[in-house]
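The structure appears below as structure tokens.
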Amino acid sequence: MKGKRYSEEQIIGILRENEAGMPAQDVIRKHGIASGTFYRWKSKYGGMEVSDAKRLRELERENAKLKRLLAETLLDKTVLEDVLGKKW
């Protein structure tokens, strides 16, 4: 079953309702989300502003790109070591 997709702005708005004093169970029921989802969002986005969340997303993308580049470089290095290590 495919769930709803919330933007970071919407997630932060939902968490702000809880921070403003609305009990977590009421927020969960109002927005139709699972309690696990709510607490995962709270651990990831708790206390953030919208601009912070956008910056976090950009950093996650950059980190993934750097990890791919590192993996490719290590693979190239391993291949070169194998080629140079063989006797001709």
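A short reminder: the numbers here are calculations on the coordinates, not readings from a lab. Source: prediction; values computed, not measured. Cβ atoms come from the backbone with ideal geometry, glycine included; neighbour counts cover every protein chain shown.
For the chain, the list of GluC sites (Glu not before Pro) that fall in a loop by DSSP and count at most 12 other C-beta atoms within 10 angstrom reads 49.
To the nearest ten degrees, helix 50-85 and the longest principal axis of the Cα atoms of the chain are 20 degrees apart. To the nearest ten degrees, helix 35-45 and the longest principal axis of the Cα atoms of the chain are 70 degrees apart. Each stretch of four or more DSSP H residues adds -39500 (n - 2.57); spread over every residue of the chain, this sum gives -25500 deg cm²/dmol at 222 nm. The modelled label-to-label distance for the pair residue 35/residue 10, using points 7 Å beyond Cα in the direction of Cβ, is 2.3 nm.
For every other residue with a beta carbon closer than 12 angstrom to the beta carbon of residue 68, add +1 if it is Lys or Arg and -1 if Asp or Glu, then tell me the sum.
Working: positive: 61, 65, 67; negative: 62, 72.
With Lys, Arg at +1 and Asp, Glu at -1, the neighbours total +1.
Relative to the first principal axis of the alpha-carbon coordinates of the chain, what is the inclination of helix 8-19, with its axis defined by its Cα atoms, in degrees from 0 to 90 and to the nearest 10? Approximately 50 degrees, to the nearest 10.
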